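Trainee: Let me begin by handing over the structure; questions about it come next.
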Amino acid sequence: MVEPALITESSHAFAAALPAGGPLMALDLGTKTIGTAICDAGWQFATAGKTLPRGKFGRDLQALAVLARERAIRGVVIGLPRNMDGTEGPRAQSSRAYARNLAEGLRLPVLLWDERWSTASAERDMIGQDMSRRKRAERIDSHAAAIILQGAIDALTGGAF
């Protein structure tokens, strides 16, 4: 019997599933797009990646599998959109279901990471770079994914858990 893929909110459990380290990919799941980010094998720097159109899960899985193979991804971090009071609504439930399907489809460990301020932080950063509204709209999800991933890798390498 094949063990189910790991899905966790614990950075400790996630790190234990990746004893050799390796590049990680983060996803910021929007309703129309999926922002991606990748970090280096040493888990130091997260970089915004592609923003993919979101469609049926099978098509999403195919695109993410190609990206995971190209970059030798060892694990995936998915933003978990909690409400400001820490409760979870329909978007969080949808992200959890996506994580279950993705973990099974890619056979990679998945870390669910609190993303409450990621989009606001990405927007603020891009405004600080004097980026036009149009470019911000095109890139917001991938920048938010990079913020999610940077927070996760900081925790994984000894930052706040």
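Laboratory data are not the source of any read-out in this text; all were calculated from the coordinates shown. Source: prediction; values computed, not measured. Glycine gets a Cβ as well: all are built from the backbone with ideal geometry, and neighbour counts include every protein chain shown.
Trainee: If the chain between ARG107 and ALA41 were fully stretched, how many nm would it gain, using 0.36 nm times the residue separation less the Cα-Cα distance?
Mentor: 21.9 nm
Trainee: Pick out, from GLY58, LEU112, ALA41, the residue whose Cα sits farthest towards the positive end of the charge dipole of the range 1-123, with +1 on the Cβ of Lys and Arg and -1 on the Cβ of Asp and Glu.
Mentor: GLY58
Trainee: What is the sum of charges around THR31, taking Lys and Arg as +1, Asp and Glu as -1, for the other residues whose C-beta is under 9 Å from the C-beta of THR31?
Mentor: Local net charge: +3.
Trainee: Share of antiparallel DSSP beta bridges in the range 13-104, in percent to the nearest 5?
Mentor: Numbers: 11 of 15 bridges.
Roughly 75 percent of the beta bridges in the range 13-104 run antiparallel, per DSSP.
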